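Written below as structure tokens is the structure these notes are about.
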Amino acid sequence: MTAQAIFETLASKTVLVIPVAVLVTLGILLVRHIALKRAAGRRRSTAQAYSMPVEEDDVGTIVGRIDAAKAADNKAVLADLYLAQALAHQKLGDEKARMAALTSAAGCASLYGPEATHAIARMQLAEAAYSTGDLTSACEHWHLAREAFRASGHAEEHARVEKLMRDNGCPTDWVLTEF
């Protein structure tokens, strides 16, 4: 086969391959576009969870709502109410009460959901532990928050917390589960 014959064969095959390559590229771009739209929706829901609107700042009102939820055995709302209570205590400057409310929020959310509230409470607990120099507790809370973000479908937050853990030298999952 001569060089000219090889060139003509390649040229004829290229004419067929180019449209296929264009279609594959368009398909990839379409899938990427859909994935980006879904991720944007998750980011909005995460942002909403982080900035959970609290209708009232009055601790007494929130405590009343917590008591009513307990009396009605409405466990699904307890975590969000405890998180609201923590925010109200933070606004009042009562750090000890804030930490107790965050602990309650994390505990209720881990048992009854929602996972996003569990993750938020754990992130705030980790931040508090880190700020006092307790890296061990911070790592534990980050680990639990990371898993809660994964379970709630917030992949970007999951990755962000994973990076935070690596940057701070937190133990890997293997260390935490294989001893």
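The values are calculated or read from the model by the stated rules, or taken from the named source; none is laboratory data. Model, not experiment: these values are computed from the prediction. Using ideal geometry, Cβ is built from the backbone for each residue, glycine included, and neighbour counts are taken over all protein chains shown.
Among the candidates LEU144, LEU164, LEU111, which residue alone is under 28 Å from THR61 (Cα atoms) and not in a loop (DSSP other than H, G, I, E, B)?
Just a single option satisfies the conditions, and that option is LEU111.
In this structure, ALA84 does satisfy being among the small types (Gly, Ala, Ser), more than 13 Å from the chain's Cα centre (by Cα) and not assigned by the TED database to the domain that holds ARG38. Every condition in (1) modelled with pLDDT under 90; (2) surrounded by fewer than 20 Cβ atoms within 10 Å (Cβ to Cβ) holds for GLU140 except the one numbered (1).
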